Amino acid sequence: MAGFNPFLSGAFAPPVMEARRWIDGVTFPPERPLINVSQAAPVDPPPPALRAAMAEAVLADPDAHLYGPVLGNDALRERLSENINAHYGAATSADQIAITAGCNQAFVAATATLAGPGDAVILPTPYYFNHKMWLDMAGIETTILPCDETLLPDPEAAAACITDRTRAIVLISPNNPCGVEYPPSLIAAFRDLCRARGIALILDETYRDFHSQSGAPHDLFSDPDWDDTLIHLYSFSKSFRLTGHRVGAVATSVERLSEMEKFLDTVSICPPQVGQIGALWGLNNLDQWLASERHEILARRAAAETVFGALPGWDLLGCGAYFAYIRHPFAEPSNEVAKDLVHQAGILTLPGTMFGPLKSEGGTGLAEATLRIAFANADATELTELGNRIAALPH
């Protein structure tokens, strides 16, 4: 048999797929159905009017079935630039925007322009596992930046991690997996650090539309030279429920996009046409609907804070956007606790061991002690039931 790429072989398996295998062959009685809080993706389809617009395009628009521009359709790039400008008080232009086949591809393509084997990228922990997986597969060293129990990264600690091999720092706000929202001053401090050290700040705002703060969550786009340091990532998967249609975006310099175009052309050629049509229709027509979605997610966040904040022996460390990050009271590590929850409580969630190094690997011990609850698909009644099941567990 031919050999394998050691970088790819060294990356861990897809965590959500691993968790799904935990429920294979398990029967959940009707009176206690499975509560699946493992994946941070909408389970409902897009609103009917959006689906109708996409269906009409499939039937009537011949271009919906053809290759399009590598960096995305011009109309969507222009409209997203306008949306960013309105949301952030910015002055971006369409030629600073690219559309990608999902936000993961936006991260991969942006990172590919920055770093190669032997270079390093700083990830605060807990990290988003797909970011770590890509860096491993690309032979890029992950420099771990541990967060304390505030779950906020420290710019001074990050500065101490930078070496001559460091190419970027990655931030996610609202955070996946922790849910915490980074204060504007903290984001600006990281931008200033990155600019002073000549590295990039990759800011992933996949969950921007569910931020508890109205208006702009930071002022980085108001800097006329924002694109010399900031690489901004966004996703339509959560805002318009287009997860299966794979539509993400990146805002960065024209020069960097020309490099990204090389990468994207060899991977996907162009982002999916029907997804782009849906995203453009959503931007033009779904402001009020999205505001209602945000209101519902914030209500579920409040319910999650009430439920998890009242669990005896459990600590709610972070809560926001789609996520609650909680510390369990058991002696066993979180990967064992998560598997036990399937059988003992009919709950599927992800352990902190999927979001950071083990203590034996240099971690702080937070990974073994925590669970991520993706609560966005659970209403207040389901969250209450989730809390009741957890409270009934033997300690």
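Taken together, the criteria exclude A57 from residues that are closer than 22 Å to M133 by Cβ, surrounded by 14 or more Cβ atoms within 10 Å (Cβ to Cβ) and touching a Phe, Trp or Tyr at 6+ places or on another chain (Cβ under 9 Å).
Here is a check on your reading of the model: is G139 assigned to a loop (DSSP other than H, G, I, E, B) and open to solvent by less than 20 Å² (accessible area, probe 1.4 Å)? It is true that G139 is assigned to a loop (DSSP other than H, G, I, E, B) and open to solvent by less than 20 Å² (accessible area, probe 1.4 Å).
Looking at segment 341-376, which of its residues are part of a loop (DSSP other than H, G, I, E, B) and either over 16 Å from the mean Cα position of the chain (by Cα) or among the hydroxyl-bearing types (S, T, Y) (or both)? If the condition is that a residue be part of a loop (DSSP other than H, G, I, E, B) and either over 16 Å from the mean Cα position of the chain (by Cα) or among the hydroxyl-bearing types (S, T, Y) (or both), then G346, T349, P357, L358, G362, G363, T364, G365 are the ones that fit. For segment 298-323, the set of residues classified as at pLDDT 95 or above, touching a Lys or Arg at 6+ places or on another chain (Cβ under 9 Å) and aliphatic (A, V, I, L, M) consists of L316, L317, listed by residue number.
Which members of segment 313-340 meet the condition of being buried (at least 23 other Cβ atoms within 10 Å of the Cβ) and assigned to a helix (DSSP H, G or I)? Once the filter is applied, which keeps residues that are buried (at least 23 other Cβ atoms within 10 Å of the Cβ) and assigned to a helix (DSSP H, G or I), segment 313-340 yields S334, V337, A338. Going by the conditions given, is G198 at positive phi and free of Cβ contacts under 8 Å to residues at least 12 places away in the same chain? For G198, the condition - at positive phi and free of Cβ contacts under 8 Å to residues at least 12 places away in the same chain - is met.
Residue pairs whose Cβ atoms lie under 9 Å apart, sitting 6 or more positions apart in sequence or on different chains, and linking a residue in segment 14-37 that is farther than 10 Å from G346 by Cβ to a partner that is of a type in the set (F, W, Y), are P14/F129; P15/F129; P15/F355; V16/F129; E18/F12; V37/F375. In segment 90-105, the condition of being under 23 Å from S9 (Cα atoms), at pLDDT 95 or above and open to solvent by less than 50 Å² (accessible area, probe 1.4 Å) is met by at least one residue.
The single condition from (1) at pLDDT below 95; (2) buried (at least 23 other Cβ atoms within 10 Å of the Cβ) that G352 fails is (1).
The values are calculated or read from the model by the stated rules, or taken from the named source; none is laboratory data. The model shown is predicted, which means the values in this text are computed figures rather than measured ones. We place every Cβ from the backbone using ideal geometry, glycine too, and count neighbours over all the protein chains shown. Please note that ligands, DNA and RNA were not included when accessible areas were found on the heavy atoms of the full protein model with its side chains. Shrake-Rupley method; radii C 1.70, N 1.55, O 1.52, S 1.80 Å.
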